[in-house]
Amino acid sequence: MRRSLLTPLAAVTGSLALAAALSACGGSSSADSKSDEKVVTVYSADGLKGEKGDGWYDKVFKDFEAKTGIKVKYVEGGSGEMVQRAVREKSNTQADVLVTLPPFIQQADTKGLLQPYTPAGADKVPDAQKNAKGKWTAVVNNYFGFIYNKKELPQAPKTWEELLGSKYKNKLQYSTPGVAGDGTAVVIKAMHDFGGKEAAMEYLKKLQANNVGPSASTGKLAPKVDKGELLVANGDVQMNYAQAKTMPNLGIWFPAAGPGKPTTFALPYAAGLVDKAPHTTNGKKLLDFMLTEQAQQEVSAIGGGFAARTDVKATDPNATALAKLVEGVEVFEPNWLDISTNLPSYVDAWKSATGS
């Protein structure tokens, strides 16, 4: 994993390094099994749908239905949870579009869940942020982070080590690695910041004394932090920035290890067309729509995230605030191919260390 200094918004779209995904197995169906139905089903990681119907998905789905007459059926959960559900349904596919954080989009590909499709506008997405065979492409760029309660904590913690303090006893929680994308990101960041798997697991073992317990969904932690039930939780910049509109006590921060600098890494929402999708044509139309210039302009203005298309230069107040938020934070680039391949062993190591 290599490091580079994160610069303002101009660097955001270029900092992601998604490794080329492994070849998928199995064939794909080119014909819709329910081609006459005006519906498309999306399985997605949480974070892009607003708590009060004011998120990026809410706007995009509404505009998509108005333009095409196709209604979006939406199913939400952790990234790993959505992949697992799609695997269980392979003999009777229900989803048309799958949206997850890495490394789960790569995992979905290796499990034969995705079929090739290159959406219109994908040529404006950097090669590093899309699969070379057209299995998936980033639709919203994002960064991993943590949140804290600004009312209870006048300033954010600075280091991982601070979280071992007694004031965080039963006031800290992070989503489950292997189930939630952001939960898996905790392990990835800890391995990077502490210099390897063993050191990371040693730290997470100590942290377990303060951890409330497992959570399949990262999005459900923010309301607890806002209310003061928790002081600290994991999250990601896009989701938490959007949630802060209705949760005024949320603050975003990036832990450092000891005297080091705070770090983060790109954690985009990547979308792919599901293999043997019942509404393949409608799924293609939705993927096209999510990468239109209008939808991409709204990623920051409405969703609090970063556009996946490099030709979309957002200048709205959210875009400016987001660029400032990540100034001075070092971005490292995970080896997603390694993580996708070795994820089970990393999750097993975490379970062993924490007794989960």
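All of the numbers you see were taken from the coordinates with simple rules; none came from a lab. No experiment lies behind these values; they were computed from the predicted model shown. So basically every Cβ, Gly included, is an ideal-geometry build from the backbone, and we count neighbours across all protein chains shown.
Give me a comma-separated list of calculated 3J(HN,Hα) values for segment 200-206, in order, Karplus coefficients 6.51, -1.76, 1.60 applied at θ = phi - 60°, integers in Hz, x for any Gly or Pro.
Running phi through 6.51 cos²θ - 1.76 cosθ + 1.60 with θ = phi - 60° gives 5, 5, 4, 5, 5, 5, 5 Hz.
What are the principal axis extents of the Cα atoms in the chain, in Å, biggest first?
59, 42, 35
Using the Karplus equation 6.51 cos²θ - 1.76 cosθ + 1.60 (θ = phi - 60°), what ³J(HN,Hα) coupling, rounded to whole Hz, does each residue of segment 240-248 give in order, writing x for Gly and Pro?
6, 5, 5, 5, 5, 4, 10, 10, x
Treating only the Cβ of Lys, Arg, Asp and Glu as charged (+1, +1, -1, -1), what charge dipole size does the chain show about its Cα centre? Round to the nearest 20 debye.
Computed charge dipole of the chain: roughly 440 debye.
Once the Cα atoms of helix 280-290 and of the chain are each reduced to a long axis, what angle between those two axes, in degrees from 0 to 90 to the nearest 10, is obtained?
Helix 280-290 sits roughly 50 degrees off the main axis of the chain.
If the reach is capped at under 20 angstrom between alpha carbons, list the lysines near K171, excluding any in the same chain fewer than eight residues apart.
K150, K151, K158, K205, K206, K220, K224, K227
What is the set of long-range amide H partners of A180 at a cut-off below 5 Å, with H atoms built 1.01 Å from backbone N?
G80
Please compute the Cα-Cα pair-distance distribution of segment 64-172 with 5 Å bins starting at 0, giving whole percents from short to long.
Pairs per bin, as whole percents: 2, 9, 15, 15, 14, 13, 10, 9, 9, 5, 1.
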